[in-house]
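**Student:** Have a look at the structure that comes next, please.
The values are calculated or read from the model by the stated rules, or taken from the named source; none is laboratory data. Small disclaimer: the values here were computed from a predicted structure and weren't measured. Here Cβ is always computed from backbone atoms with ideal geometry, including for glycine, and neighbour counts include all displayed protein chains. Heads up: the accessible areas ignore ligands, DNA and RNA and are worked out on the full protein's heavy atoms, side chains in. Shrake-Rupley method; radii C 1.70, N 1.55, O 1.52, S 1.80 Å.
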Amino acid sequence: MKILALETSAKAVSAAVSENGRILASGYQDTGLTHSRTLMPIVEHILKNTDLKLSDMDAIAVAVGPGSFTGIRIGVSAAKGLAFSVDKPAVGVSTLAAMARNVAFADGLIVCAMDARRSQVYNANFSAENGVLTRLTPDRAVSLDELAEEIPNDPRPITLVGDGAHLVYARFTEQGIPCRMAPPHLIMQNATSVALEAEALAAQGKLASAQELEAFYLRPPQADPLKKKPAPIQ
């Protein structure tokens, strides 16, 4: 199965093509330019250099959130347009579940965290054993204090991943909770992990049409505070 994956949920933008667990090509950029300007050139580049066409893909995957409201909108809109243009299914991937795959090799507890401001992080925790991930919490917005209160009873090694990992590391260290940051080249979310997570979801039949693909914000935009919050990704 070939999947084109997009990741636009934070400052960096990336795209990747995978086939049956193997990454065929990927592109990553973190230069401060807008995702609307950089995403499609990356997609065009990796398709051209793999001698593949969009119609060769079996599905289009995208990180649907949580994360940057603007970034998620750009990524989801692009994925919907690409999937619709070639009549392919789409796969919406949790940003946090995808980043956990960055460090699935690190047996123990994986704490995924994105800076949500207001002394909060977007977070999900996973157990990793022999490369297999087991979700322990839903995607959620949680305070650093609440997260620190949950962890002390877990004796497993703790690996932190995501752009909020440094915030969690500082708070855990203050509380005397031993933990480690993911290596620099694995700490940030990227499309390669989105592709691998999408393959796992597709194998479970979790495909959607382009029209059904939706963003998952966790917290409503400040301009729309009364909008009903969607159910968390389990």
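**Student:** May I ask for the angle, rounded to the nearest 10°, between helix 35-49 and the longest principal axis of the chain, with both axes built from Cα atoms and the value confined to 0 to 90°?
**Tutor:** Relative to the chain, helix 35-49 is tipped by roughly 60 degrees.
**Student:** Heavy atoms only, 1.4 Å probe, whole protein assembly: order His45, His185 by accessible area, highest first.
**Tutor:** If we order His45, His185 from most to least accessible, we get His185, His45.
**Student:** While we're here: Note the full-extension length gain between Phe105 and Asp58 as 0.36 nm times their separation in residues minus their Cα-Cα distance, in nm to one decimal.
**Tutor:** Taking Phe105 through Asp58 to full extension adds about 14.2 nm, to one decimal.
**Student:** Give me the extension gain from Leu136 to Lys11: residue separation times 0.36 nm, minus the current Cα-Cα distance, reported in nm with one decimal.
**Tutor:** Length difference between fully extended and current span is 42.3 nm.
**Student:** Could you tell me the accessible area of Tyr122 in Å² (1.4 Å probe, neighbours in place), rounded to the nearest ten?
**Tutor:** Solvent-accessible area, nearest 10 Å²: 10 Å².
**Student:** Helix 191-203 versus the longest principal axis of the chain: what is the Cα-based angle in degrees, 0 to 90, to the nearest 10?
**Tutor:** On a 0 to 90 degree scale, this one is about 80.
**Student:** Here's another thing I want to ask about it. So how strong a dipole does the stretch 110-217 carry about its Cα centre when Lys and Arg Cβ are +1 and Asp and Glu Cβ are -1, to the nearest 20 debye?
**Tutor:** In debye, rounded to 20, the stretch 110-217 gives about 140.
**Student:** Could you order Glu146, Glu19 by accessible surface area, starting with the largest, using a probe radius of 1.4 Å?
**Tutor:** Glu146, Glu19
**Student:** In 5 Å bins starting at 0, how do the alpha-carbon pair distances of the stretch 6-115 split up by percent?
**Tutor:** P(r) over the stretch 6-115, rounded to whole percents: 2, 12, 21, 25, 21, 12, 5, 2, 0.
**Student:** Which angle between 0 and 90 degrees, to the nearest 10, do you get for helix 165-174 versus the longest principal axis of the chain when only C-alpha atoms count?
**Tutor:** Helix 165-174 sits roughly 10 degrees off the main axis of the chain.
**Student:** Next question, about the same structure. Points 7 angstrom from Cα along the Cβ direction at Glu212 and Ser143: gap in nanometres?
**Tutor:** The answer from the label model is 3.9 nm.
**Student:** Would you compute the Debye intensity of the chain from its alpha-carbon atoms alone, equal scatterers and no solvent, and pass along log10 I(q)/I(0) at q = 0.07, 0.10, 0.15 Å⁻¹ to two decimals?
**Tutor:** With one equal scatterer per Cα and no solvent, log10 I(q)/I(0) is -0.21, -0.43, -0.96.
**Student:** OK, next. In nm, to one decimal, how far is the Tyr28 label point from the Asp51 one, both placed 7 Å along Cα→Cβ?
**Tutor:** 2.7
**Student:** Which distance in nm do the two modelled labels at Arg37 and Ala200 give, with both placed 7 Å along the Cα-to-Cβ direction?
**Tutor:** 3.5
**Student:** Shape verdict for the stretch 179-218, please, from the Cα gyration tensor: rounded (a/c under 1.5), prolate (a/b greater than b/c) or oblate.
**Tutor:** The shape class here is prolate.
**Student:** Show me, for the stretch 94-107, the HN-Hα J-couplings you get by feeding each phi into the Karplus relation (A = 6.51, B = -1.76, C = 1.60, θ = phi - 60°), rounded to Hz, glycine and proline as x.
**Tutor:** Rounded to whole hertz, the list is 5, 4, 6, 5, 5, 5, 4, 5, 4, 10, 4, 6, 8, 3.
**Student:** In the chain, what % of DSSP beta bridges are antiparallel (nearest 5)?
**Tutor:** 65
**Student:** What does the charge count near Asn123 come to, summing +1 for each Lys or Arg and -1 for each Asp or Glu among other residues with Cβ under 11 Å from its Cβ?
**Tutor:** Once positives and negatives cancel, what remains is -3.
**Student:** What are the semi-axes of the equivalent ellipsoid of the stretch 90-186, taken as the square roots of 5 times the eigenvalues of the Cα gyration tensor, listed largest first and rounded to whole Å?
**Tutor:** Listed largest to smallest, the semi-axes of the stretch 90-186 are 19, 16, 12 Å.
**Student:** Here is a follow-up. Rg/Rh for the stretch 1-66: what does it come to with C-alpha atoms and Rh from Kirkwood?
**Tutor:** Reported Rg/Rh, Kirkwood definition of Rh: 0.96.
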